[in-house]
Amino acid sequence: MSETVTGPTDSTTTLSALLENVARSQQRPNWRLQHDLLVVASGEAELIFAGLSGPSVTTFNVRLSSNPAWMARHVSNHGIDAVPAIQIPVGGFDHLARFSEQHPGNLAAHWEMFPQMNHQLGADTLYRDWEAFTATQPEYSGDVVVQLAPTTTTVTVAVAFDSAIIDPQARVDDDQAAQLVEVARRAIDTFPHAAYGLVVMENIDQPRVRGVDLQFAAWAEEAPTPWASDIAQALLEGEISQAKAG
């Protein structure tokens, strides 16, 4: 059996370091294949994780969930309210104008292949803002993904198999919390074989899904929150249970 070894824990390995700490606390042998790939052994099973993404996470689900336009259509088809979004070509301002008429308010746009490059499109300055945004189109950008900009406070729920935790900073009562957890679980369940991820919602009293993050990418951008370790533990135990059962 391979021995547990210490791997790098810089900002590029935040998620795998989090999982590594959980494996160590459970005295499970673990080692790195490379800086962001961690192997955790349980009996004869050896599970490979990329960050917090284990064997149950599929490329198809990641692509489907990470595109707001695809995600919104997908979860809506399963009876879950989602923030409206659309994907349009760079020359498709007419599509954008119709979308804006159907869904009044400010919009947030990003290039399909560069989701981190957000640009605000004002409801009253739509054409001007669109022209400024598309004038900076990078190479290999793909289409434009447009979503209604947030108008209320968002709440994040982390789901991992049988565990679900609402961001402790969220100001919600017990009934609201129960409803948010239910919607988050249902959203994750719509993705085939998916068992964990972050679900961002708005409109607390009538939740609608703004984003689904099956890879916990939001946690990789900053130091893990105190509740991240509990989710990592539930995630690891769930993946191990599935490996033993399957």
Exercise for the section: Mind listing just one residue for me: the one in segment 80-116 that is open to solvent by less than 60 Å² (accessible area, probe 1.4 Å) and of a type in the set (Gly, Ala, Ser) and, of those, nearest to the chain's Cα centre (by Cα)? Expected result: ALA82
Exercise for the section: May I ask you to list the residues in segment 127-163 that are part of a helix (DSSP H, G or I) and open to solvent by less than 50 Å² (accessible area, probe 1.4 Å)? Expected result: ASP129, TRP130, PHE133, THR134
Practice task
Take segment 78-126 and flag every residue that is among the polar types (S, T, N, Q) and not in a strand (DSSP E or B).
Solution key: SER100, GLN102, ASN106, THR125
Completion exercise
Counted residues in segment 37-79 being of a type in the set (A, V, I, L, M, F, W, C) and touching a helix residue (DSSP H, G or I) at 6+ places or on another chain (Cβ under 6 Å) come to 10
Completion exercise
Going through segment 18-39 in order, the residues found to be not charged (D, E, K, R) and not in a strand (DSSP E or B) are LEU18, LEU19, ASN21, VAL22, ALA23, SER25, GLN26, GLN27, PRO29, HIS35
Exercise for the section: Answer with yes or no whether ASP189 is closer than 27 Å to SER229 by Cβ and not hydrophobic (A, V, I, L, M, F, W, C). Expected result: yes
Practice task
Run down SER76, SER65 and say which single residue is closer than 19 Å to ALA184 by Cβ, polar (S, T, N, Q) and touching a residue at least 40 places away in the same chain (Cβ under 8 Å).
Solution key: SER65
Exercise for the section: Scan segment 117-126 residue by residue and report those that are closer than 22 Å to SER66 by Cα and either in contact (Cβ under 8 Å) with a residue 40 or more places away in the chain or open to solvent by 20 Å² or more (accessible area, probe 1.4 Å) (or both). Expected result: MET117, ASN118, HIS119, GLN120
Practice task
Look at LEU52 and say whether it is crowded, with 17+ Cβ neighbours inside 10 Å and modelled with pLDDT under 95.
Solution key: yes
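The values are calculated or read from the model by the stated rules, or taken from the named source; none is laboratory data. Note that the structure is a prediction, hence the values are computed from the model and not measured. Counting neighbours? That spans all protein chains shown, and the Cβs are built from the backbone with ideal geometry, glycine included. We work out accessible area using only protein heavy atoms, side chains counted, and drop any ligands, DNA or RNA first. Shrake-Rupley method; radii C 1.70, N 1.55, O 1.52, S 1.80 Å.
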